[in-house]
Structure formats: C-alpha cells, structure tokens
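Asks: Pasting a structure below so you can have a look.
The values are calculated or read from the model by the stated rules, or taken from the named source; none is laboratory data. Source: prediction; values computed, not measured. Please note: Cβ atoms are built from the backbone with ideal geometry, for glycine as well, and neighbour counts cover all protein chains shown.
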Amino acid sequence: MSRFGFNAGEMRILKALKTPEKIQRFLDVDIAYNKEPDGDTIRSPRRVLRDRVAHCLEGALLAAAVLRVQGFPPLLLDLEAVRDDDHVLAIFKQHGHWGAIAKSNYSGLRFREPVYRNLRELAISYFEHYFNARQEKTLRNYSRPVNLSRFDRIGWMTAEEDLWIINDHLASISPAFLTCAYSGTEPGSASPGSTIACLPQGALAGQSDKPPAIYFAKKASTSVIVAVMR
C-alpha cells in the first residue's frame, strides 16, 4: 500500500502517467464520460480507475491525484458560468507558468499547455469555448486554487463514498470575476439593458490583468457600470 492509499496495481497506472500530457490522454482515451445514468456521483480517483468513467469534477480529482504522485501539489480550479454548468480543472505549474488538465466531452474545454502567466490568463483561455446550447458565452468567474491535501483526513484519493464535501467546498469559495459582460438580465446587473465595461486598473498605462474588484460609476441616462480590475 502506497502512502497515498493506492494499491500496487493502481500505483503502476498512476506512475506511468509521467507528464500532464499523458494524464490528459489517459482521461481522453481510457476514461469514458460519466453521464450519471443512475444519479449524481462524485467518485474518488480510486473509483474512477475502477469504473473507468468520470465527469469533469471526477476527472479533475483523478488528474490531481496523478499530479500529486508525480510530485505536483493536487490543485483544483473551478470555472463558474451563468445559465450553464461549472467546469473544474486540475491545474499545475511548470517553469513559472500555469497549465490545466480537464475531462470534457468538448476538446476546447480540456488541456491547456503551461504557458499562462497567472490563473486569470489560464481561466480566460476557456472563454471562447465555453457556451451553452443557445450558443451563449457563459463563463464568468473562477475560484482561487483549492489544494486537495486539506481533504487528506477523509482519504479523498481512495474513498468509496461520494466526495460531496469537495463539491460543497468549491461552491463556497468567493469567485474572482473573469468577465463583466452582463446582459442586464443576470444577477448583479444594474437594470435591463445595462452594460458593464471591464477595465484593468492602470489600463490607460497598459498595466495589470489581475482579478477585478468592482467599482460602480452609474450614468443616469444609460445605466452604464464601469468595473475596474485591480
């Protein structure tokens, strides 16, 4: 039994996935997409290996577990959407830049090479590919990273129970705003027909792409809100 709780056979599989690219290929080729025909599940990495099915959170948990075996911290990032499902990534850092591994039916929401200088750059790379059945671009926010070692006490890597505690923790995190492209009918909009312009703090000087803090400057005639990132 390994220090992570996996048996010898499981560890052979995980140790063979030596790079993020190999982990992504394993998710794409060897793990079917979990459409939850028998009800909602949040399988642990052990159960995903055994059942060979995973949805995005289950796939991210498996990827994070493999990354941990390979010497990376087990980190998740939640992408939050409106009128759409959230999407969870296993993230990693190489040579000072961020990349991601993800399980999805759509290739545009899967792997990202480690070329992004910060997590906002990484998250916004998913924006163009994140749309619902009505073809609306729906990605809005992203979470701070979650280090899954905080859940070692419940044996998250090998648990037989569904890991709802991790799902609930992701849902509880205050998000960083990724985009302010509100239609006026979404929660937080000023009024129907409002628009929100997002400007990085120091944008006039060509600076900063840090997560936004929202400042409101409302014009009575047009109900325009200016959101400034800092």
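Residue-wise test of (1) of a type in the set (S, T, N, Q); (2) under 29 Å from Asp38 (Cβ atoms); (3) assigned by TED's automatic domain parsing to the domain that holds Val48.
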| residue | (1), (2), (3) |
| --- | --- |
| Pro74 | no, yes, yes |
| Glu80 | no, yes, yes |
| His87 | no, yes, yes |
| Asn105 | yes, yes, yes |
| Gln135 | yes, no, yes |
| Ser143 | yes, yes, yes |
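Asks: Which ones in region 93-103 are surrounded by 13 or more Cβ atoms within 10 Å (Cβ to Cβ) and in a loop (DSSP other than H, G, I, E, B)? It would help to see each step written out before you state the result.
Replies: Of region 93-103, the ones surrounded by 13 or more Cβ atoms within 10 Å (Cβ to Cβ) are 93-94, 97-103.
Once the filter is applied, which keeps residues that are surrounded by 13 or more Cβ atoms within 10 Å (Cβ to Cβ) and in a loop (DSSP other than H, G, I, E, B), region 93-103 yields Ala102, Lys103.
Condition check ((1) part of a strand (DSSP E or B); (2) surrounded by 15 or more Cβ atoms within 10 Å (Cβ to Cβ)) across all residues:
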| residue | (1), (2) |
| --- | --- |
| Ile91 | yes, yes |
| Asn105 | no, no |
| Arg120 | no, yes |
| Ala133 | no, no |
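Asks: Being farther than 18 Å from Ala102 by Cβ, among the acidic types (Asp, Glu) and either assigned to a helix (DSSP H, G or I) or modelled with pLDDT of 95 or more (or both) is the requirement here; does Glu21 meet it? If you could, list the steps in order and put the result at the bottom.
Replies: Values: farther than 18 Å from Ala102 by Cβ: no; among the acidic types (Asp, Glu): yes; either assigned to a helix (DSSP H, G or I) or modelled with pLDDT of 95 or more (or both): yes.
The answer is no for Glu21.
Asks: In region 150-177, how many residues are out of contact with any helix residue (DSSP H, G or I) (no Cβ under 8 Å at 6 or more places or on another chain) and among the small types (Gly, Ala, Ser)?
Replies: Looking only at that region, the number is 4.
Asks: For the structure I just gave you, tell me whether Gly39 is out of contact with any His (no Cβ under 7 Å at 6 or more places or on another chain) and at positive phi. Please lay out each step first, then the result.
Replies: Values: out of contact with any His (no Cβ under 7 Å at 6 or more places or on another chain): yes; at positive phi: yes.
Yes, satisfied.
Asks: Since Asp85 meets every condition but one in (1) in contact (Cβ under 8 Å) with a residue 40 or more places away in the chain; (2) under 16 Å from Arg110 (Cβ atoms); (3) outside any helix (DSSP H, G or I), which condition does it not meet?
Replies: Unmet for Asp85, out of (1) in contact (Cβ under 8 Å) with a residue 40 or more places away in the chain; (2) under 16 Å from Arg110 (Cβ atoms); (3) outside any helix (DSSP H, G or I): (1).
Asks: Based on what the data block shows, is Val48 touching a residue at least 60 places away in the same chain (Cβ under 8 Å) and either within 23 Å of Gly108 (Cα to Cα) or touching a Gly at 6+ places or on another chain (Cβ under 6 Å) (or both)? Show your work before the answer.
Replies: Details: touching a residue at least 60 places away in the same chain (Cβ under 8 Å): no; either within 23 Å of Gly108 (Cα to Cα) or touching a Gly at 6+ places or on another chain (Cβ under 6 Å) (or both): yes.
No; evaluated as a whole, the condition is false for this residue.
Asks: Okay, next question. Inspect all residues belonging to region 38-46 and state whether any of them is in a helix (DSSP H, G or I) and in contact with a Ser or Thr (Cβ under 8 Å, 6 or more places away or on another chain). So that I can check it myself, show each step before the final result.
Replies: Within region 38-46, the first condition is being in a helix (DSSP H, G or I), and the residues that meet it are 45-46.
Next, from what is left, pick out any that are in contact with a Ser or Thr (Cβ under 8 Å, 6 or more places away or on another chain): 45-46.
Yes, that holds for at least one residue.
Asks: Next up: Assuming Phe6 fulfils every condition listed in (1) under 20 Å from the mean Cα position of the chain (by Cα); (2) modelled with pLDDT of 95 or more; (3) buried (at least 16 other Cβ atoms within 10 Å of the Cβ) apart from one, which condition is it?
Replies: (1)
Asks: Oh, and also: Step by step: first the residues of region 52-80, then only those that are in a strand (DSSP E or B) and over 11 Å from the mean Cα position of the chain (by Cα), then the one that is surrounded by the most Cβ atoms within 10 Å (Cβ to Cβ). Which residue is that?
Replies: For region 52-80, the residue satisfying everything is Ala54.
Asks: Could I ask something else about it? I'd like the full set of residues that are within 14 Å of Ser104 (Cα to Cα) and in contact (Cβ under 8 Å) with a residue 60 or more places away in the chain, limited to region 11-45.
Replies: Ile23, Gln24, Leu27, Asp28, Ile31, Tyr33
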